[in-house]
Amino acid sequence: MAVSAAKPEIRIHHFEGPLDLLCHLIEKNDIDIYDIPISEITSQYMDYLSAMKSLDMDVASEFLLMGATLVHIKSRMMLPGKKSDGTNGAEEDPREELVISLMRYKRCRVFANELRERRAKYEGARFRTRMTAKELGIDTKKISSDFEKDEFEKAIDEINNRNELRFNDISAKIKHILRRDKISVKERMKSLWLTITKKGKLFFSELFKGKKVEKIDRIVSFLAILELVRNNDITAEQKGSFEDILIEEKRK
C-alpha cells in the first residue's frame, strides 16, 4: 500500500510514546498492521522526529530509539531473505517483533480507555459503610410473641409418634407384598419348560389362559423365557410390535 510522504502537522508531544506515534501513522494511512510498509512508515516517523528539538532528551530518547529500530528493520528487509529456524523453511520477517509490540500496546490502550471511562462514570460515587438501625436514628420495637417452648416440643413429639406408626404400618404392608409376589424365575423356567416340551409350541398369551394373572406373573414369565432362549433351549419369535410371542422348543 502506497503511503503519502507529506510532512505531518501534528506535533510530537501529543503522543504518549513511540508506539503511540506508530499506531497513529498506521491508523492514519489505513495500513494493515500485519503487513507494514516499513520504508514509508520509517520516512514519516523520521519527519515527526524533526520536532524533537523542543523536547528534553529523556523524552526524545525513547522516540530516537524507535527511529533507530525502524531504520534497522528497513535495512534488514533490503538484504536477501534469511530462513527462519522453523521446519517449514519460511523466511524470517524482521517486522515480527515490531508487530507484536504494537499489538500489545493497542490492547493496553483499549484497556486504559475503558478504565478512564469507568473512572469518569463512577468518580462521584460514594459508598457508605453498613450502619445499624440505632446508628441511623431508627427506633426499633420488640414484637411480643406467644411462642411457648414446651408446647412446641410437645407438638413435635406428637408428629414424630404419628409418623413412626404410619411408617411402620407401610413397612409391614411392603414386606407382605414382597413376600406374596416373590416368585422364583428358576422355578418358572422349569414349569415353562415342561409346558413347552409337552405342547411343542405355544403363544405367550396361552400361558395365562383362564387364569387371573397379576403383572408380576407376566414379568417373571417373560424373564424365564429370556433365560431359556439364552440357554438355547427354546426359540421366541414376535412378528411385530405388541404382537403375541410364539414360543417353540428348539430342536437339537
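The values are calculated or read from the model by the stated rules, or taken from the named source; none is laboratory data. Here the structure is a predicted model, which is why all the values come from computation and not from measurement. Neighbour counts are summed over all protein chains in view; Cβ atoms, including those assigned to glycine, are modelled from backbone coordinates with ideal geometry.
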Item to check | In the range 209-243, residue farthest from the chain's Cα centre (by Cα) [restricted to those that are among the acidic types (Asp, Glu) and either under 18 Å from residue 194 (Cβ atoms) or surrounded by 14 or more Cβ atoms within 10 Å (Cβ to Cβ) (or both)] | outcome: 233
Checklist entry - Can you tell which of 138, 143, 159 is assigned to a helix (DSSP H, G or I) and not assigned by TED's automatic domain parsing to the domain that holds residue 20? => result 159
Next on the checklist: Restricting to the range 108-137, and then to whatever is of a type in the set (A, V, I, L, M, F, W, C) and at pLDDT below 80, can you tell me which residue is farthest from residue 19 (Cα to Cα)?
Outcome noted: 133
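Name every residue in the range 181-194 that is touching a helix residue (DSSP H, G or I) at 6+ places or on another chain (Cβ under 7 Å) and either among the basic types (Lys, Arg) or closer than 15 Å to residue 247 by Cβ (or both), in order of residue number. Walk me through how you get there before you give the answer.
Step one: list which residues in the range 181-194 are touching a helix residue (DSSP H, G or I) at 6+ places or on another chain (Cβ under 7 Å), which gives 181, 183, 185, 188-189, 192-193.
188, 189, 192, 193 - these are the residues of the range 181-194 that are touching a helix residue (DSSP H, G or I) at 6+ places or on another chain (Cβ under 7 Å) and either among the basic types (Lys, Arg) or closer than 15 Å to residue 247 by Cβ (or both).
Of everything in the range 232-252, what is part of a loop (DSSP other than H, G, I, E, B), out of contact with any Phe, Trp or Tyr (no Cβ under 8 Å at 6 or more places or on another chain) and under 11 Å from residue 204 (Cβ atoms)? Give them in sequence order.
Looking only at the range 232-252, we keep the residues that are part of a loop (DSSP other than H, G, I, E, B), and these are 232-233, 238-245, 250-252.
From what is left, the residues that are out of contact with any Phe, Trp or Tyr (no Cβ under 8 Å at 6 or more places or on another chain) are 232, 238-243, 250-252.
Of everything in the range 232-252, those that are part of a loop (DSSP other than H, G, I, E, B), out of contact with any Phe, Trp or Tyr (no Cβ under 8 Å at 6 or more places or on another chain) and under 11 Å from residue 204 (Cβ atoms) turn out to be 238, 243.
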Next on the checklist: Contact list please: Cβ distance under 9 Å, first residue in the range 198-225 and without any contact (Cβ under 8 Å) to a residue 60 or more places away in the chain and in a loop (DSSP other than H, G, I, E, B), second residue of a type in the set (Asp, Glu) and exposed (fewer than 14 other Cβ atoms within 10 Å of the Cβ), pairs at least six apart or on different chains.
Outcome noted: 214/181
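At pLDDT 75 or above, surrounded by 13 or more Cβ atoms within 10 Å (Cβ to Cβ) and not in a helix (DSSP H, G or I), is that true of residue 8? If you could, list the steps in order and put the result at the bottom.
Working: at pLDDT 75 or above: no; surrounded by 13 or more Cβ atoms within 10 Å (Cβ to Cβ): yes; not in a helix (DSSP H, G or I): yes.
Against the criterion (at pLDDT 75 or above, surrounded by 13 or more Cβ atoms within 10 Å (Cβ to Cβ) and not in a helix (DSSP H, G or I)), residue 8 does not qualify.
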